[in-house]
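Working notes, beginning with the structure itself.
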Amino acid sequence: MTGRAAGREDPITVGAGTAEVLHRLALAVRPLDARTRAPAGPGLHVGCEYEPVPGRRPRPGDLLRLLEGHGASGFVLRHGTAGGLPHTVTVRVDDPARRWIPRRFRVPLWTRPELAGADARPPSAPYVRADARLLLPWLLPGPAHPVPLGTTGIRLRVVTAAGSPVRWPRVDAFGPGGVPLGWAHGDEHGQVLLLIDGAGVLPPPPPSRFDVALRTHAPDPPPDPPADPPADPLAARPAYVSADPPADPLAGLVAEPVVRSTSPPRPQDLDNAVLRGTARPAGYRTGAADTVRTLTTGQVVHAADLPHTPA
């Protein structure tokens, strides 16, 4: 056992001489616009979640450790010299301006010993490339997304059979011939902005109006609360259920698991159905039937509520 502080590494030799290692890149997160594939932002909040303290009602500020922002390069989480990171972190990407629908991911990290092994003498592990520590989530348009003129799309709300908003729904659109035209994520109020390109198999020029079939996916509803016990005839007043909103505004948003990249990363490590948001998350159920809505080419139309009845 050496006298070095916990988490400290032996100095490494570089071209300029001996250098002390103060931190190593654990994860870089670079959110992308799902339509343009360009970096999404600015103004995003990207961070790692903390586990809530048992017995204490969490506040929004207690739930997240914001990552360092580096502009178009993304957001960075580091292995530092003080303390350590867990093997898996929950990353959330949120936009307070509501231009993008939030997303959450469960991300396994390369450990500090794995990253430091290449610098040992002799090396005890292969070098882990920086792009093997990269997360590239696609973000879908939110209610306040700046929609370019001439875009074809639809705004609607996904609701239950009783008319209540469905939290965090997803919607797929299919054009004539069953050709996929696009997909969208909804927010905690069930609001969906679905933008599409093209009109499926219809020959150009596209018609001014055409029908699309919309398929909904939504989380299983939470279980019903236990029934209230029989009223105590001696009780002075009835019990009330708290109507306070949840402390976490992203409560109920699924944390999608991702697979750790190899080094060097394979194409499917950096671009796959989970990152794109097209994979149906665990716990989501598809609607029993598709619903047809009519789009107007070059416009974003407002449509009636879209019912979601699980199959």
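Observations on the structure shown:
- All of Pro96, Pro126 fail the test of being within 21 Å of the chain's Cα centre (by Cα) and touching a residue at least 12 places away in the same chain (Cβ under 8 Å), apart from Pro96.
- Number of residues in the range 191-209 that are at pLDDT 95 or above and either over 11 Å from Gly142 (Cα atoms) or touching a helix residue (DSSP H, G or I) at 6+ places or on another chain (Cβ under 8 Å) (or both): the value is 0.
- Restricting attention to the range 249-285 and to residues that are within 10 Å of the chain's Cα centre (by Cα) and aliphatic (A, V, I, L, M), the residue that is nearest to Ala40 (Cα to Cα) turns out to be Leu275.
- Residues (of a type in the set (Val, Ile, Thr) and surrounded by fewer than 15 Cβ atoms within 10 Å (Cβ to Cβ)) located in the range 21-50: Thr36
- Residues that are at pLDDT 95 or above, of a type in the set (Gly, Ala, Ser) and over 30 Å from Val259 (Cα atoms), drawn from the range 134-162: Ala144, Gly153
- If you go through the range 155-174 and keep only what is surrounded by 18 or more Cβ atoms within 10 Å (Cβ to Cβ), touching a His at 6+ places or on another chain (Cβ under 8 Å) and in a strand (DSSP E or B), you end up with Leu156, Arg157, Val158, Val159, Arg170, Val171, Asp172.
- For Ala236: the one exception among (1) modelled with pLDDT of 70 or more; (2) more than 14 Å from the chain's Cα centre (by Cα): (1)
- Test result for Pro204, within 25 Å of Arg37 (Cβ to Cβ) and buried (at least 16 other Cβ atoms within 10 Å of the Cβ): no
- In a residue-by-residue description of the range 208-218, the property of being more than 30 Å from Arg285 (Cβ to Cβ) and in a loop (DSSP other than H, G, I, E, B) applies to at least one position.
- Verdict on Thr13 being of a type in the set (Ser, Thr, Tyr), in a strand (DSSP E or B) and at pLDDT 95 or above: no
- Cross-chain or 6+ apart pairs with Cβ under 7 Å, the range 99-114 first and assigned to a loop (DSSP other than H, G, I, E, B), then surrounded by fewer than 19 Cβ atoms within 10 Å (Cβ to Cβ) and among the small types (Gly, Ala, Ser): Arg99/Ala144
The values are calculated or read from the model by the stated rules, or taken from the named source; none is laboratory data. Note that the structure is predicted; figures quoted are calculated from it, not measured. Neighbour counts run over all protein chains shown; Cβ positions are idealised from the backbone, glycine included.
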